[in-house]
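A short reminder: the numbers here are calculations on the coordinates, not readings from a lab. Quick caveat: nothing in here was measured; it's all calculated off a predicted structure. When we count neighbours, we look across all protein chains shown, and the Cβ atoms used for this are built from the backbone with ideal geometry, even at glycine.
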Amino acid sequence: MTMKIVEMIKDSKILNLSELFQNMNSVDIARNMMELENKDLILAFRILSKNTAAEVFSYLNKEYQQHIIETIADDEVKEIIEKLFLDDTVDLIEELPTNVVKKVLRNTSIEKRELINTFLQYNESSAGSIMTIEFIDLKEEMTVKEAINYTRKVGFNKEITDTCFVIDKDRNLKGTLKLKDLILNEEENLIYNIMDKNIISVKTIEDQENVASLFKVYDLLSMGVVDKEGRLVGMITIDDVVDIIEQENTEDFQKMAAMVPSKEPYLQTSVFQLAKSRVVWLLVLMISATITGSIIKQFDEVLQSVVILAAFIPMIMDTGGNAGSQSSTLVIRGLALGDIKMKDYLKVMWKEFRVSLIVASILAGVNFLRIYFLETTDIMITFTVCGSLFFTVIIAKVVGGILPIIAKKLKLDPAIMASPLITTIVDAFALTVYFGLAKVFLGL
């Protein structure tokens, strides 16, 4: 499709291209536009109708939005911004360079500019920062007929979902009403009598990750946002929550890989910024790895007496690190999904201990057969290696399971207790156990 658009632009078939866009979804238009060169992108964008242009603009990546704003005239910018939903405008301003933001604000109405400033005061990870004010609010004393007429009147400029919000004269949120129930009820019925009074809402200061959890638990498409007095000030929709989930998952992956989280796409992030986000944790892990070096140094005499012991150190440390990473990954994910609570720490420890007994027994047994029969190693050295492996796996799985819960208790992100950090901690335990058993079994 992109090649077809390019050919139409090259052949100046503007009417044909306009007809093509009319029959395309806005998301598909945006995806194809992001494949175009800059000069073709601007030409194609100007062919769109005013309403379609604003919708397509909201689906473009930030670098394409920036290029369009920098290129088009002020009156064109004003048309786009005025038709964008407020939450999309706020997101745009938060991520654009200062010079581009100035151009946007210069072409924004005073009323909308004041609303934008209000939104920008919210913490970037709070419910207030992701909500929209384009929702339908009904008064509880309205009749169904009055509510339908009001919805028809204001609905064109609202981010309509399947739910309306019911308020009293002081704008306190009193209930919700599905559009289906509104349409199917008798015209003379009062909204108060047919609304759902079991309200699921959040305050503006609520963390966005908790908001996403509520959407999942209650299977919502939208949710009201209230201030500290309970007055309705905004609405969060499911498309906002999908963005939150993607953002939080990306952040967790980066933390689990021992990186400082970054919001910028990989290809749009500078080399210096990428290096900066990685080097901090690498330095921490490198310095902490000196602990394992100190342990080996303390048992230098043991290694000199039985040199073959050194050959099994990588296997024991790697297996312990892998075992711990398996447990921590499952527990981190369970905490993120709400399947594991803080009070479940004893259950987690007990379950991981039982799992580790099974896994450790199998790994130690297989290694005993491999080392003793295939490598024909002395029986006491074999017992030392396999015993160390057995206890290392048990320690690794229990530690890997409990550390994320400890991090949660300390108000830290459990994702930081992932593979790199778990491996460093388990390595220290593994070496201590290994050389301790060597002294016992080999009489060193």
| note | Rounded to one decimal in Å, the inverse mean reciprocal Cα-Cα distance for the range 2-121, i.e. its Kirkwood radius, is 14.8
| Spin-label point model (7 Å from Cα, Cβ direction): what's the Glu35 to Ser18 distance in nm? | 2.4
| request: For the range 289-442, take the alpha-carbon Rg, divide it by the Kirkwood Rh, and send me Rg/Rh. | output: 1.03
| HN-Hα J couplings of the range 211-227 from phi, Karplus 6.51/-1.76/1.60, θ = phi - 60°, integer Hz, Gly and Pro as x? | 4, 4, 5, 5, 4, 5, 5, 9, 6, 9, 9, 7, 8, x, 10, 10, 7
| Using a simple spin-label model with points 7 Å from Cα along the Cα→Cβ vector, what separation in nm is obtained for Ala73 and Ala311? | 8.1
| remark: Any residue on another chain or 5+ positions along whose placed amide H is under 5 Å from the amide H of Ile136 is listed here as Phe165
| request: Compare the peptides 388-401, 236-249, 114-127 by average per-residue count of other Cβ atoms within 10 angstrom and give them in order, highest first. | output: 388-401, 236-249, 114-127
| query | Between Lys174 and residues 5 or more places away or on another chain, which pairs have amide H atoms under 5 Å apart, with H built 1.01 Å from N, and which residues are they? | reply | Val166, Ile167, Asp168
| message | Based on alpha-carbon atoms only, what is the radius of gyration of the range 8-67 relative to the globular estimate 2.2 N^0.38 Å? | response | 1.01
| query | So how far apart, in nm, are the two label points at Leu190 and Asp28 if each is 7 Å from Cα heading toward Cβ? | reply | 4.9
| Which one, (i) 22.1; (ii) 26.7; (iii) 26.0, gives Kirkwood radius over Cα pairs in Å as derived from the coordinates shown? | (ii)
| note | CD proxy, 222 nm, the chain: helix-only mean residue ellipticity via -39,500 (n - 2.57) per DSSP H run with n ≥ 4, per residue, nearest 500, stands at -20500 deg cm²/dmol
| said: I'd like the FRET efficiency for Gln121 and Leu346, computed as 1/(1 + (r/R0)^6) with the beta carbon distance as r and R0 of 41 Å, rounded to 0.05. | reply: 0.45
| task | Please work out the Kirkwood hydrodynamic radius for the range 137-237, using every pair of different C-alpha atoms, and report it in angstroms with one decimal place. | result | 13.9
| field | Distant-in-sequence amide H partners of Lys203 (H built 1.01 Å from N, under 5 Å) | value | Val226
| query | How high is the relative contact order of the range 316-444, in percent, counting Cα pairs under 8 Å that sit 6 or more residues apart? | reply | 44
| query | Too long at a 19 Å Cα-Cα cut-off: which of Lys343/Lys408; Lys50/Lys180; Lys169/Lys228; Lys216/Lys409? | reply | Lys50/Lys180; Lys216/Lys409
